[in-house]
1. Applying the selection to region 42-77, what residues are part of a helix (DSSP H, G or I) and either aromatic (Phe, Trp, Tyr) or more than 21 Å from Ala21 (Cα to Cα) (or both)?
2. Restricting attention to region 37-61, which residues are touching a residue at least 40 places away in the same chain (Cβ under 8 Å) and within 18 Å of Gln71 (Cα to Cα)?
3. Pick from region 127-179 the residues that are part of a loop (DSSP other than H, G, I, E, B) and over 44 Å from the mean Cα position of the chain (by Cα): which of them is surrounded by the most Cβ atoms within 10 Å (Cβ to Cβ)?
Amino acid sequence: MRKPTKNVQTSRGMAATVQEAEKTQAEFGAMCAMSRQRVSRFVREGAIPTNAEGKIPHPAGLQALIEHLSQTAAGRGGGSAQADLAKERAALARAQREAVELKTRSLLGEYVLAKDVERKWGDMCFLIRNRLLAIPSQIPFDIPHLTRAELEIFDRYIRDALTEIADDLDAQAKEKSND
């Protein structure tokens, strides 16, 4: 007697005729390279359909298993503990990868500690400030005819500019702390 056939559509959209068969859990497991116990677990979870005799229709059972595994891998596996575990493992793997990447980049000098940057910028700002404040005392060597009052004007402009810069930086810092 000839087994029934079923018209199906392949993944590439082509029509095909497939001979339907019924497989035991052991036969289905052998076909899918998994143990009978694992097949049984998928059957209990409802991922693989069975008929009244407990046999798995083929290819419908295989299509159902593939769909279930695809949904589970995509994180849409129906909230099962296995799907949650897969999400947690993926999150852990991602965090570990990011930590290794950060450490590697730090060792290569691509990343530096914020406190080191802050200290370096502080040192640079201190040097710039001192250099600017020294300008009025150096001008008389190049322009000897300037009076003391004229040199004090230079000094006032430089000090005012430094004060404005400091005030602007303080205002920006307060805005960021309020955000």
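1. Phe42, Glu45, Leu69, Ser70, Gln71, Thr72, Ala73 - these are the residues of region 42-77 that are part of a helix (DSSP H, G or I) and either aromatic (Phe, Trp, Tyr) or more than 21 Å from Ala21 (Cα to Cα) (or both).
2. Ala60
3. Ranking the qualifying residues of region 127-179, first place goes to Leu146.
Values in this text are rule-based calculations from the coordinates and carry no lab data. Not measured: the values here are computed from a predicted model. Neighbour counts run over all protein chains shown; Cβ positions are idealised from the backbone, glycine included.
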